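Input: a single structure, listed below in structure tokens.
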Amino acid sequence: MSSAAPAAPETNPTTSSAPTNPDIIVETRSLGKIYRDFWGRKKVQALKSLDIEVRRGEIFGLLGPNGSGKSTTIKLMLGLLFPTSGRAFVFGKEATDVAKNERIGYLPEESYLYKFLNAEETLDFYGRLFDMPASVRKERTEALINMVGLQRARRRQLREYSKGMTRRIGLAQALINEPEFLVLDEPTTGLDPIGTREMKDLIVKLREQGKTILLCSHQLADVQDVCDRVAILHQGELKELGRVDSLLKVQDVTQIHAKGLDENTKSQIRDLIAKSQGELLKMDNPTTTMEELFLDIVRDSENRPGRRSSNAS
């Protein structure tokens with residue numbers, strides 16, 4: 001007995017045209033994915049009407065607890081899955097167009113590399129897959145091994161690598177083709193604090209070189225340190241979207257840092273700072289942390305299912 005053919009993705013007349021703005025690297029429009037069982041019956045809706053944009057030259061964070069739809073979103077962007085509804089575009093083309101992947105570097109959560117190869121052989125192998133000339137492969141291999149700090153382990157077989165070293169060579173492999181767009185899934189997994197700091201510095205450096213980066217991580221401090229904007233998913237729905245500095249700002253609290261003030265002036269801060277010749281050092285909104293924001297959104301989502309993000313900056 002043959003299984004039923006997969007249903008064609010639903011389309012919406014309002015989302016039919018491909019994006020033309022070259023500064024939008026990734027765009028999803030009402031993107032949805034339903035996983036079905038053998039009989040074609042709905043098993044789980046992994047993603048519900050996702051609308052996000054990843055802009056050129058930014059580090060975009062994709063956050064969410066397990067089962068929130070992060071991996072499904074990445075697979076849809078890479079063309080590894082077909083959407084059930086809506087559309088996804090990368091470089092202005094349908095995400096299902098595999099030709100776009102030549103411009104993408106991907107570091108999966110688990111690096112599936114050949115354990116019997118060493119670092120040099122691994123990078124040379126993947127360079128061959130991109131039809132790179134031998135001289136270019138050699139140059140890129142040398143530069144990337146130095147970049148990720150594996151000079152001393154360059155000729156050790158990967159089966160002897162620690163988890164942190166495996167993440168480093170995985171990142172080098174993702175960069176072998178000099179991609180414009182990087183998808184990094186848990187890039188700091190297995191790294192010690194020094195290695196984590198070096199990895200985050202490297203990610204920022206890659207952005208400064210003009211690369212666009214999608215960062216998926218459970219390490220909320222990492223996201224807070226390096227990302228420009230974030231999208232938080234929960235149960236397949238977009239719950240929050242915006243700039244990190246804006247999302248973490250506590251809007252209803254004012255925080256003042258001043259010096260040279262006595263106890264009497266503290267009761268009337270604004271007026272008496274100038275009168276008492278005190279120096280106003282800072283007056284701004286305090287910020288929360290990415291961890292606190294994330295947990296608040298997840299708790300609110302569980303208490304009020306179906307609520308959508310209103311911040312789309």
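Structure summary
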{"read-out": "Matching residues in segment 242-265 - criterion: being surrounded by 12 or more Cβ atoms within 10 Å (Cβ to Cβ), in contact with a helix residue (DSSP H, G or I) (Cβ under 8 Å, 6 or more places away or on another chain) and part of a helix (DSSP H, G or I)", "value": "Val244, Leu247, Thr265"}
{"read-out": "Counted residues, segment 147-188 - those being assigned to a helix (DSSP H, G or I), polar (S, T, N, Q) and modelled with pLDDT under 95", "value": "2"}
{"read-out": "Qualifying residues in segment 189-216 (those that are modelled with pLDDT under 85 and not in a helix (DSSP H, G or I)) - the one surrounded by the fewest Cβ atoms within 10 Å (Cβ to Cβ)", "value": "Asp192"}
{"read-out": "Of all residues making up segment 127-137, the number that are farther than 13 Å from Gln173 by Cα, assigned to a helix (DSSP H, G or I) and of a type outside the set (S, T, N, Q)", "value": "2"}
{"read-out": "Answer residue from segment 271-290, given it is in contact (Cβ under 8 Å) with a residue 24 or more places away in the chain and of a type in the set (Ser, Thr, Tyr) and is nearest to His218 (Cα to Cα) among those", "value": "Thr289"}
{"read-out": "Sole residue being modelled with pLDDT of 95 or more and either loosely packed, with under 13 Cβ neighbours inside 10 Å or not β-branched (Val, Ile, Thr) (or both), chosen from Arg36, Arg55, Arg41", "value": "Arg55"}
{"read-out": "Qualifying residue in segment 278-287 (condition: surrounded by fewer than 15 Cβ atoms within 10 Å (Cβ to Cβ) and within 22 Å of Ile52 (Cα to Cα))", "value": "no"}
{"read-out": "Matching residues, segment 136-162, being among the small types (Gly, Ala, Ser), farther than 19 Å from Tyr114 by Cα and touching a Gly at 6+ places or on another chain (Cβ under 9 Å)", "value": "Gly149"}
{"read-out": "One residue from Gly61, Gly105, Gly67, Gly40 being part of a strand (DSSP E or B), in contact (Cβ under 8 Å) with a residue 24 or more places away in the chain and more than 30 Å from Arg154 (Cβ to Cβ)", "value": "Gly61"}
{"read-out": "Any chance Val226 is more than 23 Å from Ala46 (Cα to Cα), of a type in the set (A, V, I, L, M, F, W, C) and surrounded by fewer than 21 Cβ atoms within 10 Å (Cβ to Cβ)", "value": "no"}
{"read-out": "Check on Phe91, in the same structural domain as Leu238 (by TED's automatic domain parsing) and in contact (Cβ under 8 Å) with a residue 40 or more places away in the chain", "value": "yes"}
{"read-out": "Filtered residues of segment 213-228 (kept if closer than 18 Å to Asp192 by Cβ and of a type in the set (D, E, K, R))", "value": "Asp222, Asp225"}
{"read-out": "Residue ID - surrounded by the fewest Cβ atoms within 10 Å (Cβ to Cβ), chosen from residues in segment 86-111 that are farther than 20 Å from Leu50 by Cβ and hydrophobic (A, V, I, L, M, F, W, C)", "value": "Ala99"}
{"read-out": "Unique residue being in contact with an Asp or Glu (Cβ under 8 Å, 6 or more places away or on another chain) and either in the same structural domain as Ser68 (by TED's automatic domain parsing) or free of Cβ contacts under 8 Å to residues at least 40 places away in the same chain (or both) when the list is Ala258, Ala221", "value": "Ala258"}
{"read-out": "Residue list for segment 224-255, restricted to those being within 13 Å of Phe294 (Cα to Cα) and either in contact with a Leu (Cβ under 8 Å, 6 or more places away or on another chain) or free of Cβ contacts under 8 Å to residues at least 12 places away in the same chain (or both)", "value": "Gln224, Val230, Ala231, Ile232, Leu233, Leu238, Lys239, Glu240, Leu247, Leu248"}
{"read-out": "Some residue of segment 73-83 being touching a Gly at 6+ places or on another chain (Cβ under 8 Å) and closer than 17 Å to Glu27 by Cβ", "value": "yes"}
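The values are calculated or read from the model by the stated rules, or taken from the named source; none is laboratory data. The structure displayed is predicted, hence computed values, not measured ones. Every residue, glycine among them, receives a Cβ derived from its backbone with ideal geometry; neighbour counts consider all protein chains shown.
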